[in-house]
Amino acid sequence: MISIFLKKIINKMTNHFVNLVSWRYFYQNKSSNRKIHIDSFSLYLCCRLFGKFLKKKSGINFFHNNLNKEKSIFLLGDENKLFENKIILPFWESIDDVCIDNLIIKEVEGYESIVIGISSPKQDRLADLINEIYPKKNIFCLGAAIYTAPNSLRGDRLSLNWLVMMLNDFKRFKEKIKITIIEVFSIIFISKSRKSFKQFLKKNTFI
């Protein structure tokens, strides 16, 4: 049964743990049925730079503190060791390839809460597609890093998850760091991106 804690603070919403790789998705795609958590230190600092003082809340930490032992959750991801109830998703090259088929629709129907564990913003797009069909479910977009526990959890607590990622998957780490650096400079120095980031902060609900 979903814990009283989860029912109290996060009820019937898509919950996105967002970083600088995925923030543009939420600027471009609006929804009233979502809550955004600041998942990276770089995004946290950018928010503060624009006067938005938000709490950093890690998807990895949230997963291990609140969801790891829950039994009535359905997992959509690329790992077969978490939860008995799951679907292994295909690899989607880009966000435009993300789709929801009849198997996913049928399998998630009987569950109140769904965890999606793939890279951003593909997981966020999938969550929105599911939410269009099942708007009364709790959906948690926690990213592929939940599979690298316990190293990711320890690294996250020390703000060294970037180091854990670098050691575990250097190719993914390099790509993520490259995008993050580009986004930081773009938000600070390019007027169009700066305006878009301000709209991202204004139009979304953060917790």
**Prompt:** Mind checking whether some residue in the stretch 38-51 is in a helix (DSSP H, G or I), without any contact (Cβ under 8 Å) to a residue 60 or more places away in the chain, within 23 Å of Ile207 (Cα to Cα) and of a type in the set (A, V, I, L, M)?
**Reply:** yes
**Asked** Gly77: at pLDDT 85 or above, touching a Gly at 6+ places or on another chain (Cβ under 9 Å), of a type outside the set (Phe, Trp, Tyr) and crowded, with 16+ Cβ neighbours inside 10 Å, yes or no?
**Response** yes
**Message:** Name the residue that is nearest to the chain's Cα centre (by Cα), counting only residues in the stretch 12-54 that are open to solvent by less than 70 Å² (accessible area, probe 1.4 Å), at pLDDT below 90 and hydroxyl-bearing (Ser, Thr, Tyr).
**Reply:** Ser40
**Asked** Based on what the data block shows, is Lys57 touching a strand residue (DSSP E or B) at 6+ places or on another chain (Cβ under 6 Å) and open to solvent by 50 Å² or more (accessible area, probe 1.4 Å)?
**Response** yes
**Prompt:** Quick one: Lys71 ticks every box in (1) open to solvent by 50 Å² or more (accessible area, probe 1.4 Å); (2) touching a helix residue (DSSP H, G or I) at 6+ places or on another chain (Cβ under 7 Å) bar one, so which box is it?
**Reply:** (2)
**Message:** Being within 23 Å of Ala127 (Cα to Cα), modelled with pLDDT under 85, open to solvent by less than 20 Å² (accessible area, probe 1.4 Å) and aliphatic (A, V, I, L, M): is that true of Ile146 here?
**Reply:** yes
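The values are calculated or read from the model by the stated rules, or taken from the named source; none is laboratory data. Bear in mind the structure is a predicted one, so any value in this text is a computation, not a measurement. Reconstructed Cβ throughout: ideal geometry from the backbone, glycine too, with neighbour counts over all protein chains shown. Side chains are part of the model used for accessible areas, which takes the heavy atoms of the whole protein and leaves out ligands, DNA and RNA. Shrake-Rupley method; radii C 1.70, N 1.55, O 1.52, S 1.80 Å.
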